[in-house]
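Enquirer: The structure under discussion is supplied below as structure tokens; questions concerning it will follow.
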Ligand code: 13P
């Protein structure tokens, strides 16, 4: 079984001064060998962060579908890799809603990431209205089926992140039963899309993960880690999450 994977998504936060937090998170990672830690800072910090961390993975928060070209303001997977990234997050709900990214676009971005030699974290999640209408599982499994690229070589470099939109930055989290039911539905869809290799793809939970709720959420069936926003910005809260799920020195 793979280790729990805790990925910090810094979103549009992080200046050079924040490198000290990254360094502290990296030092902590060495003390918690039973957890895998990663950060996705703003793209401008990846290269500098690469120079000061040793243990944690670094990634981008989005990439363009093309490798290079006349796309002002965009960034490609190849550029992220060149800056020192190992992975990229695609299909975050903030991009699906603000930039109207479709499953097709997210799938093309995931494929671009894989083509560039990166791993990819594909995000999915329902809105509150979709959950209230009883459509959450249908919406999320359709997102998985539409956003994950086909191919034998995809699963080993794929991570899924289930982030209910209504739980992001709100302090609200789904019930454990709802988390487990959704993660099971995502697993079934991954087995259809990726074949048997889909059984090894990690499925992260994201949305208001904090030190106080991390042990419970990460103890849920089929939850292979967490995609953390606000609580990933300081080493103190990242360490709190890691300590909650894998106390230092525990066997
Ligand atoms: P919060 O942890 O701030 O709710 O954000 C979750 C998220 O969107 C991570 O990608």
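Please treat every number below as a calculation from the coordinates, not as lab data. No experiment lies behind these values; they were computed from the predicted model shown. For neighbour counting, all protein chains shown are included, and Cβ atoms are generated from backbone atoms with ideal geometry for every residue, glycine included.
Enquirer: May I ask you to list the residues in the range 212-225 that are in contact (Cβ under 8 Å) with a residue 40 or more places away in the chain and either within 12 Å of the ligand (Cβ to nearest atom) or farther than 17 Å from residue 171 by Cβ (or both)?
Expert: Matches in the range 212-225: 213, 217, 218, 220, 221, 222, 223, 224, 225.
Enquirer: Looking at 201, 165, 209, 228, which is the one that is within 16 Å of the ligand (Cβ to nearest atom), closer than 17 Å to residue 7 by Cβ and touching a residue at least 40 places away in the same chain (Cβ under 8 Å)?
Expert: 228
Enquirer: While we're looking at this one, here's another question. If you take the residues in the range 109-136 that are assigned to a loop (DSSP other than H, G, I, E, B) and buried (at least 19 other Cβ atoms within 10 Å of the Cβ), which one is nearest to the ligand (Cβ to nearest atom)?
Expert: 125
Enquirer: Could you list, in sequence order, the residues of the range 1-23 that are within 15 Å of the ligand (Cβ to nearest atom) and either more than 12 Å from the chain's Cα centre (by Cα) or free of Cβ contacts under 8 Å to residues at least 12 places away in the same chain (or both)? Explain how you work it out, then say what you get.
Expert: Initial filter on the range 1-23 (within 15 Å of the ligand (Cβ to nearest atom)): 5-14.
Scanning the range 1-23 gives 12, 13, 14.
Enquirer: Output the residues belonging to the range 218-229 that are more than 25 Å from residue 150 (Cβ to Cβ) and within 15 Å of the chain's Cα centre (by Cα). Even if it seems obvious, please write down each step before you answer.
Expert: Restricting attention to the range 218-229, the residues satisfying the condition of being more than 25 Å from residue 150 (Cβ to Cβ) are 218-221, 223, 226, 228-229.
Within the range 218-229, 218, 223, 226, 228, 229 qualify.
Enquirer: Quick check: anything in the range 182-197 within 14 Å of the ligand (Cβ to nearest atom) and in contact with a strand residue (DSSP E or B) (Cβ under 7 Å, 6 or more places away or on another chain)?
Expert: no
Enquirer: I'd like the full set of residues that are farther than 15 Å from residue 188 by Cβ and assigned to a helix (DSSP H, G or I), limited to the range 140-156.
Expert: Once the filter is applied, which keeps residues that are farther than 15 Å from residue 188 by Cβ and assigned to a helix (DSSP H, G or I), the range 140-156 yields 146, 147, 156.
Enquirer: Sticking with this structure for a sec: Which members of the range 87-102 meet the condition of being touching a helix residue (DSSP H, G or I) at 6+ places or on another chain (Cβ under 6 Å) and near the ligand (Cβ under 10 Å from one of its atoms)?
Expert: Applying the first criterion (touching a helix residue (DSSP H, G or I) at 6+ places or on another chain (Cβ under 6 Å)) to the range 87-102 yields 88, 90-91, 93, 101.
Selection gives 93 alone.
Enquirer: Kindly list the number of the only condition in (1) surrounded by fewer than 18 Cβ atoms within 10 Å (Cβ to Cβ); (2) out of contact with any strand residue (DSSP E or B) (no Cβ under 7 Å at 6 or more places or on another chain); (3) more than 21 Å from residue 239 (Cα to Cα) that fails for residue 74.
Expert: (2)
Enquirer: Okay, next question. Condition first: under 17 Å from the mean Cα position of the chain (by Cα) and farther than 26 Å from residue 112 by Cβ. Now tell me which residues in the range 150-172 satisfy that.
Expert: 164, 166, 167, 169, listed by residue number.
Enquirer: If you scan the range 166-182, which residues turn out to be within 14 Å of residue 132 (Cβ to Cβ) and surrounded by fewer than 19 Cβ atoms within 10 Å (Cβ to Cβ)?
Expert: 172, 178
Enquirer: Another question about this same structure. If a residue has to be crowded, with 21+ Cβ neighbours inside 10 Å and out of contact with any strand residue (DSSP E or B) (no Cβ under 7 Å at 6 or more places or on another chain) to count, how many in the range 199-208 make the cut?
Expert: Matching residues across the range 199-208 total 2.
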